[in-house]
1. Return the residue satisfying two criteria in turn: it lies in segment 48-67 and is surrounded by fewer than 17 Cβ atoms within 10 Å (Cβ to Cβ) and out of contact with any Asp or Glu (no Cβ under 9 Å at 6 or more places or on another chain), and of such residues it is nearest to CYS6 (Cα to Cα).
2. Does GLU18 qualify as being of a type outside the set (S, T, N, Q), open to solvent by 20 Å² or more (accessible area, probe 1.4 Å) and out of contact with any helix residue (DSSP H, G or I) (no Cβ under 6 Å at 6 or more places or on another chain)?
3. Cβ-Cβ distance below 8 Å, separation of 6 or more or different chains: which pairs start in segment 50-68 with a residue that is within 17 Å of GLN19 (Cα to Cα) and in contact (Cβ under 8 Å) with a residue 40 or more places away in the chain and end on one that is surrounded by 20 or more Cβ atoms within 10 Å (Cβ to Cβ) and of a type in the set (A, V, I, L, M, F, W, C)?
4. Are there helices (runs of 4 or more DSSP H) fully within segment 164-226 with at least 1 residues that are β-branched (Val, Ile, Thr) and either modelled with pLDDT of 95 or more or open to solvent by 50 Å² or more (accessible area, probe 1.4 Å) (or both)? List them.
5. Within the bounds of segment 144-161, is there any residue that is within 30 Å of ALA20 (Cα to Cα), open to solvent by less than 50 Å² (accessible area, probe 1.4 Å) and among the small types (Gly, Ala, Ser)?
6. Taking segment 56-67 on its own, how many of its residues are under 14 Å from the mean Cα position of the chain (by Cα) and part of a loop (DSSP other than H, G, I, E, B)?
7. Looking at ALA74, ALA70, which one is open to solvent by less than 50 Å² (accessible area, probe 1.4 Å) and either farther than 30 Å from ARG163 by Cα or assigned to a loop (DSSP other than H, G, I, E, B) (or both)?
8. Considering segment 124-163 alone, what residues qualify as being in a helix (DSSP H, G or I) and of a type in the set (Ser, Thr, Tyr)?
Amino acid sequence: MSCPFCASETGFSAMTFEQAQTLLEELAARGLRNVVLGGGEPFLWPHGVERLGRRARELGFVVQVCTNGASLPAGFERVEGIDRYILPLESMDPARHDPLRRHRDGHHRIVLERIRKLAGSGRELTVSTVLTRENIDELPAIAEYLARARRDGVALHAWHLYRFLPVGRGGARNAERLEVARESFARACAAVKRLDLGFPVYRRDNMLRSSSVEFFWFDGARLRLGSRALETVTPRRGGAG
(Lines give C-alpha, C1' and ligand atoms only; values in the text may rest on other atoms or scores of the structure.)
Protein backbone atom coordinates (compact mmCIF):
# COMPACT_ATOMS: atom_id res chain seq x y z
CA MET A 1 0.00 0.00 0.00
CA SER A 2 3.07 2.29 -0.15
CA CYS A 3 2.58 3.63 3.38
CA PRO A 4 4.89 6.65 3.80
CA PHE A 5 6.17 5.37 7.17
CA CYS A 6 6.86 1.77 6.05
CA ALA A 7 10.01 0.59 7.84
CA SER A 8 10.40 -2.59 5.77
CA GLU A 9 12.85 -3.02 2.95
CA THR A 10 12.01 -4.60 -0.39
CA GLY A 11 13.10 -8.00 -1.65
CA PHE A 12 11.72 -10.46 0.94
CA SER A 13 11.03 -13.97 -0.30
CA ALA A 14 7.69 -15.60 0.45
CA MET A 15 7.94 -18.72 2.58
CA THR A 16 6.62 -21.94 1.17
CA PHE A 17 4.00 -23.65 3.29
CA GLU A 18 6.52 -26.34 4.20
CA GLN A 19 9.10 -23.77 5.35
CA ALA A 20 6.54 -21.93 7.46
CA GLN A 21 5.26 -25.16 8.99
CA THR A 22 8.75 -26.39 9.85
CA LEU A 23 9.62 -23.03 11.42
CA LEU A 24 6.48 -23.19 13.59
CA GLU A 25 7.31 -26.74 14.67
CA GLU A 26 10.83 -25.68 15.70
CA LEU A 27 9.57 -22.64 17.59
CA ALA A 28 6.98 -24.76 19.39
CA ALA A 29 9.73 -27.18 20.39
CA ARG A 30 11.61 -24.22 21.93
CA GLY A 31 8.58 -23.39 24.08
CA LEU A 32 7.17 -20.38 22.21
CA ARG A 33 3.39 -20.08 22.45
CA ASN A 34 2.49 -16.87 20.60
CA VAL A 35 2.96 -16.26 16.89
CA VAL A 36 2.11 -13.36 14.59
CA LEU A 37 1.64 -14.14 10.90
CA GLY A 38 2.63 -11.01 9.04
CA GLY A 39 4.11 -9.75 5.82
CA GLY A 40 3.65 -7.76 3.62
CA GLU A 41 0.00 -8.63 3.66
CA PRO A 42 -0.49 -12.21 4.90
CA PHE A 43 -3.82 -12.70 3.14
CA LEU A 44 -2.03 -12.29 -0.19
CA TRP A 45 0.28 -15.21 0.65
CA PRO A 46 -0.52 -17.88 -1.98
CA HIS A 47 -0.32 -20.88 0.36
CA GLY A 48 -3.24 -20.04 2.65
CA VAL A 49 -2.78 -18.12 5.90
CA GLU A 50 -5.93 -19.79 7.28
CA ARG A 51 -4.41 -23.21 6.66
CA LEU A 52 -1.17 -22.19 8.36
CA GLY A 53 -3.12 -20.74 11.26
CA ARG A 54 -4.87 -24.06 11.82
CA ARG A 55 -1.50 -25.82 11.88
CA ALA A 56 -0.14 -23.27 14.35
CA ARG A 57 -3.10 -23.84 16.67
CA GLU A 58 -2.54 -27.60 16.47
CA LEU A 59 0.99 -26.88 17.75
CA GLY A 60 -0.40 -24.94 20.72
CA PHE A 61 0.13 -21.37 19.53
CA VAL A 62 -2.09 -18.36 20.09
CA VAL A 63 -2.35 -17.26 16.45
CA GLN A 64 -2.36 -13.59 15.55
CA VAL A 65 -2.52 -12.14 12.04
CA CYS A 66 -1.10 -8.66 11.42
CA THR A 67 -3.01 -7.31 8.43
CA ASN A 68 -3.86 -4.00 6.83
CA GLY A 69 -7.42 -5.36 6.58
CA ALA A 70 -7.92 -4.60 2.90
CA SER A 71 -7.73 -8.20 1.61
CA LEU A 72 -9.58 -10.11 4.33
CA PRO A 73 -11.83 -12.89 3.03
CA ALA A 74 -15.58 -12.92 3.57
CA GLY A 75 -16.26 -14.36 7.00
CA PHE A 76 -12.77 -13.46 8.28
CA GLU A 77 -14.21 -12.95 11.75
CA ARG A 78 -15.08 -16.65 11.94
CA VAL A 79 -11.85 -18.19 10.58
CA GLU A 80 -11.01 -21.06 12.93
CA GLY A 81 -7.23 -20.85 12.62
CA ILE A 82 -6.95 -17.26 13.88
CA ASP A 83 -7.36 -16.11 17.49
CA ARG A 84 -6.55 -12.43 17.13
CA TYR A 85 -6.33 -9.79 14.40
CA ILE A 86 -3.91 -6.86 14.49
CA LEU A 87 -5.33 -3.89 12.56
CA PRO A 88 -3.93 -0.37 12.03
CA LEU A 89 -5.71 2.85 12.95
CA GLU A 90 -3.80 6.11 12.54
CA SER A 91 -6.62 8.64 13.06
CA MET A 92 -10.36 8.94 13.51
CA ASP A 93 -10.34 11.44 10.65
CA PRO A 94 -10.19 9.69 7.26
CA ALA A 95 -8.58 12.78 5.77
CA ARG A 96 -5.61 12.18 8.10
CA HIS A 97 -5.62 8.37 8.22
CA ASP A 98 -5.90 7.67 4.50
CA PRO A 99 -2.75 9.55 3.39
CA LEU A 100 -0.82 7.42 5.90
CA ARG A 101 -2.51 4.15 4.80
CA ARG A 102 -2.92 4.52 1.07
CA HIS A 103 -5.62 2.45 -0.60
CA ARG A 104 -7.65 3.10 -3.71
CA ASP A 105 -10.99 2.56 -1.91
CA GLY A 106 -10.24 4.58 1.21
CA HIS A 107 -8.53 2.59 3.95
CA HIS A 108 -10.12 4.25 7.01
CA ARG A 109 -13.61 3.07 6.10
CA ILE A 110 -12.32 -0.47 5.55
CA VAL A 111 -10.63 -0.66 8.95
CA LEU A 112 -13.66 0.59 10.87
CA GLU A 113 -15.86 -1.94 9.11
CA ARG A 114 -13.44 -4.75 9.99
CA ILE A 115 -13.45 -3.69 13.63
CA ARG A 116 -17.25 -3.57 13.69
CA LYS A 117 -17.47 -7.13 12.32
CA LEU A 118 -15.22 -8.43 15.09
CA ALA A 119 -17.77 -7.47 17.76
CA GLY A 120 -19.07 -10.63 19.41
CA SER A 121 -17.10 -12.85 17.01
CA GLY A 122 -14.95 -14.59 19.59
CA ARG A 123 -11.84 -13.19 17.88
CA GLU A 124 -9.70 -10.67 19.70
CA LEU A 125 -8.39 -7.40 18.30
CA THR A 126 -5.10 -5.58 18.79
CA VAL A 127 -4.87 -2.10 17.28
CA SER A 128 -1.61 -0.51 16.15
CA THR A 129 -1.00 3.20 15.67
CA VAL A 130 2.20 4.71 14.23
CA LEU A 131 2.75 8.11 15.81
CA THR A 132 3.99 10.72 13.37
CA ARG A 133 4.07 14.50 13.27
CA GLU A 134 0.77 14.37 11.37
CA ASN A 135 -1.28 12.34 13.85
CA ILE A 136 0.33 12.55 17.29
CA ASP A 137 -2.55 14.72 18.54
CA GLU A 138 -5.06 12.05 17.47
CA LEU A 139 -4.52 9.64 20.38
CA PRO A 140 -7.36 10.91 22.63
CA ALA A 141 -9.91 10.52 19.82
CA ILE A 142 -8.66 7.02 18.94
CA ALA A 143 -8.72 6.06 22.63
CA GLU A 144 -12.33 7.19 22.94
CA TYR A 145 -13.30 5.20 19.86
CA LEU A 146 -11.56 2.02 21.06
CA ALA A 147 -13.13 2.25 24.50
CA ARG A 148 -16.54 2.56 22.83
CA ALA A 149 -15.80 -0.38 20.53
CA ARG A 150 -14.94 -2.47 23.59
CA ARG A 151 -18.27 -1.56 25.20
CA ASP A 152 -19.97 -2.58 21.95
CA GLY A 153 -18.54 -6.09 22.16
CA VAL A 154 -15.15 -5.91 20.43
CA ALA A 155 -12.65 -7.99 22.41
CA LEU A 156 -9.85 -5.41 22.62
CA HIS A 157 -6.68 -7.22 23.60
CA ALA A 158 -4.27 -4.26 23.44
CA TRP A 159 -3.34 -1.00 21.75
CA HIS A 160 0.25 -0.61 20.54
CA LEU A 161 1.72 2.84 19.99
CA TYR A 162 4.71 2.83 17.64
CA ARG A 163 7.15 5.66 17.20
CA PHE A 164 7.79 6.56 13.57
CA LEU A 165 11.23 5.33 12.47
CA PRO A 166 13.03 7.10 9.60
CA VAL A 167 14.12 3.82 8.01
CA GLY A 168 12.95 1.46 5.27
CA ARG A 169 11.36 2.06 1.91
CA GLY A 170 8.86 4.61 3.26
CA GLY A 171 10.30 6.02 6.45
CA ALA A 172 13.69 6.97 5.06
CA ARG A 173 12.29 9.31 2.43
CA ASN A 174 9.59 10.83 4.64
CA ALA A 175 11.60 11.53 7.77
CA GLU A 176 11.46 15.32 7.49
CA ARG A 177 7.68 15.23 7.07
CA LEU A 178 6.79 12.61 9.70
CA GLU A 179 9.49 12.32 12.37
CA VAL A 180 8.41 13.15 15.90
CA ALA A 181 10.70 13.97 18.81
CA ARG A 182 11.23 11.17 21.31
CA GLU A 183 10.08 13.43 24.16
CA SER A 184 6.83 14.29 22.35
CA PHE A 185 6.20 10.61 21.64
CA ALA A 186 6.79 9.71 25.30
CA ARG A 187 4.43 12.44 26.56
CA ALA A 188 1.64 11.44 24.17
CA CYS A 189 1.92 7.78 25.15
CA ALA A 190 2.01 8.59 28.87
CA ALA A 191 -1.18 10.65 28.61
CA VAL A 192 -3.06 7.78 26.98
CA LYS A 193 -1.67 5.16 29.35
CA ARG A 194 -3.15 7.12 32.28
CA LEU A 195 -6.67 6.63 30.91
CA ASP A 196 -8.92 3.87 32.23
CA LEU A 197 -9.64 2.17 28.90
CA GLY A 198 -10.17 -1.41 30.06
CA PHE A 199 -7.32 -2.79 27.94
CA PRO A 200 -3.53 -2.32 28.04
CA VAL A 201 -1.67 0.31 26.04
CA TYR A 202 1.93 -0.47 25.04
CA ARG A 203 4.57 2.07 24.08
CA ARG A 204 6.83 0.77 21.31
CA ASP A 205 9.84 3.04 20.83
CA ASN A 206 11.64 0.79 18.35
CA MET A 207 10.21 -2.59 17.36
CA LEU A 208 13.37 -3.34 15.38
CA ARG A 209 15.16 -3.65 18.74
CA SER A 210 12.40 -5.31 20.75
CA SER A 211 13.31 -7.43 23.77
CA SER A 212 10.08 -9.45 23.55
CA VAL A 213 9.49 -9.98 19.80
CA GLU A 214 11.58 -11.94 17.30
CA PHE A 215 11.23 -11.43 13.52
CA PHE A 216 11.73 -14.40 11.17
CA TRP A 217 11.66 -14.34 7.38
CA PHE A 218 13.24 -16.04 4.40
CA ASP A 219 15.71 -14.53 1.97
CA GLY A 220 15.63 -17.18 -0.73
CA ALA A 221 16.20 -20.44 1.17
CA ARG A 222 17.98 -18.77 4.09
CA LEU A 223 16.05 -18.11 7.27
CA ARG A 224 16.75 -14.78 8.93
CA LEU A 225 16.16 -13.66 12.50
CA GLY A 226 16.32 -9.88 12.72
CA SER A 227 19.47 -8.97 10.78
CA ARG A 228 21.13 -12.36 11.34
CA ALA A 229 21.11 -15.21 8.85
CA LEU A 230 20.32 -18.54 10.50
CA GLU A 231 20.77 -22.08 9.32
CA THR A 232 18.58 -23.18 6.42
CA VAL A 233 15.32 -24.71 7.59
CA THR A 234 14.72 -28.01 5.83
CA PRO A 235 11.05 -28.96 5.63
CA ARG A 236 10.30 -32.30 7.24
CA ARG A 237 8.67 -35.03 5.23
CA GLY A 238 5.19 -36.13 6.19
CA GLY A 239 4.24 -32.98 8.10
CA ALA A 240 0.55 -32.14 8.52
CA GLY A 241 -0.84 -29.61 6.06
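1. GLY48
2. yes
3. ARG55/LEU24
4. It comes to 182-193.
5. Yes, segment 144-161 contains a residue that is within 30 Å of ALA20 (Cα to Cα), open to solvent by less than 50 Å² (accessible area, probe 1.4 Å) and among the small types (Gly, Ala, Ser).
6. Within segment 56-67, residues that are under 14 Å from the mean Cα position of the chain (by Cα) and part of a loop (DSSP other than H, G, I, E, B) number 1.
7. ALA70
8. TYR145
The values are calculated or read from the model by the stated rules, or taken from the named source; none is laboratory data. Source: prediction; values computed, not measured. Backbone-built Cβ (ideal geometry, glycine too); neighbour counts: all protein chains shown. Just so you know, the surface numbers come from the protein's heavy atoms only, side chains and all, with ligands and any DNA or RNA stripped out. Shrake-Rupley method; radii C 1.70, N 1.55, O 1.52, S 1.80 Å.
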